[in-house]
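Below is one structure, written out as structure tokens, with a few remarks after it.
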Amino acid sequence: MSRIQTTFEQLKAKGRKALIPYVTAGFPFADITPALMHAMVESGADVIELGVPFSDPMADGPVIQKAGEKALALGVGMVQVLGHVREFRKRNRTTPVVLMGYANPVERYDQLHGEGAFVRDAAAAGVDGVLIVDYPPEECEAFAAQLRANNMDLIFLLAPTSTPERMAQVARVASGYVYYVSLKGVTGSAALDTAAVEAMLPRIREHVKIPVGVGFGIRDAATAQAIGRVADAVVIGTRIIQLLENQPYEKVVPIIIDFMRGIRKALDA
């Protein structure tokens, strides 16, 4: 059983919802990511999504794109991302870590380090799940099987435009949880329509039997609480990046702790 599955089962037994913060690895400083991950856990995170910097992140809005560009400029790539996870695992063996990104860095890693190197090295570092935005489910069965053989989950996005056929395809290969993108467009865009999310989740659950997390457009305690009433998990990314950009090094961890505690309190209320 993967750490992600264990975490969701424990939360369900307690009647709690998962809080999943996202941060781009290597942002806003190249070496701050492990400390930031520990701060997120201390202030209520149940799973951490770690963005792998990439030069052409088509599904990301300007805020997360800019964070990725900064991390790349600081020399942070897949090797460094796996290093952050290894460092985090020295003190935390239980909180699931999901790498979120695009096919190119994964495939490039295998080109440089040998076939199957990404799955092998991610498992060794302590990664629990992988969400690759541009991997279609119908082409992922072998990759999903490789991950599962190493106790890692392959996580997929669903959107307001996802058809029942697409949901069924995702359900066949996904494990851990699925991530419902609550808005059309890129990350950080538009305002969240909680009623539309509420209407969509039963349709997703007709096909998908694993937990459903909801992200895109969750910015504060009130939106997190509203989504937490209907979803199994709340994912927050763009707002976290906005809070951290232009902060001095010593302010990054305190800011994230303060923000996350407010979200956690609202989710548990």
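Things to note:
- The range 39-69 - residue that is modelled with pLDDT of 95 or more, in a helix (DSSP H, G or I) and closer than 21 Å to Gly213 by Cα and, of those, farthest from the chain's Cα centre (by Cα): Glu42
- Out of Arg239, Arg264, Arg203, Arg229, one residue alone is over 22 Å from Met58 (Cα atoms), of a type in the set (Lys, Arg) and either in contact with a Cys (Cβ under 9 Å, 6 or more places away or on another chain) or buried (at least 16 other Cβ atoms within 10 Å of the Cβ) (or both). It is Arg264.
- Listed conditions (1) modelled with pLDDT of 95 or more; (2) within 19 Å of Leu82 (Cα to Cα) are all met by Ser2, apart from (1).
- Of everything listed in (1) of a type outside the set (A, V, I, L, M, F, W, C); (2) crowded, with 23+ Cβ neighbours inside 10 Å; (3) closer than 23 Å to Met37 by Cα, the single unmet condition for Gln247 is (2).
- When Leu36, Leu99, Leu82 are checked against the criterion of being assigned to a helix (DSSP H, G or I), crowded, with 24+ Cβ neighbours inside 10 Å and either hydrophobic (A, V, I, L, M, F, W, C) or on the phi > 0 side of the Ramachandran plot (or both), Leu36 stands alone in meeting it.
- Those strands (runs of 3 or more DSSP E) of the range 153-269 in which at least 1 residues are of a type in the set (D, E, K, R) and in contact (Cβ under 8 Å) with a residue 24 or more places away in the chain, considering only elements entirely within it, cover 153-155.
- When the criteria are applied in full, Val252 fails the requirement of being β-branched (Val, Ile, Thr), surrounded by 14 or more Cβ atoms within 10 Å (Cβ to Cβ) and closer than 27 Å to Pro137 by Cα.
- Number of the exception - Ala67 against (1) touching a helix residue (DSSP H, G or I) at 6+ places or on another chain (Cβ under 9 Å); (2) surrounded by fewer than 19 Cβ atoms within 10 Å (Cβ to Cβ): (2)
- Scanning the range 102-116 for residues that are of a type in the set (Ser, Thr, Tyr) and either assigned to a helix (DSSP H, G or I) or within 18 Å of Val41 (Cα to Cα) (or both) yields a single hit, Tyr109.
Listed here are the residues, each with its yes/no results for (1) surrounded by fewer than 22 Cβ atoms within 10 Å (Cβ to Cβ); (2) at pLDDT 95 or above.
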| site | (1), (2) |
| --- | --- |
| Phe88 | no, yes |
| Pro105 | yes, yes |
| Phe118 | no, yes |
| Leu131 | no, yes |
| Leu147 | no, yes |
| Asn150 | yes, yes |
| Ser175 | yes, yes |
| Asp193 | yes, no |
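The values are calculated or read from the model by the stated rules, or taken from the named source; none is laboratory data. Please read all numbers here as calculations on a predicted model, not as lab measurements. Neighbour counts are summed over all protein chains in view; Cβ atoms, including those assigned to glycine, are modelled from backbone coordinates with ideal geometry.
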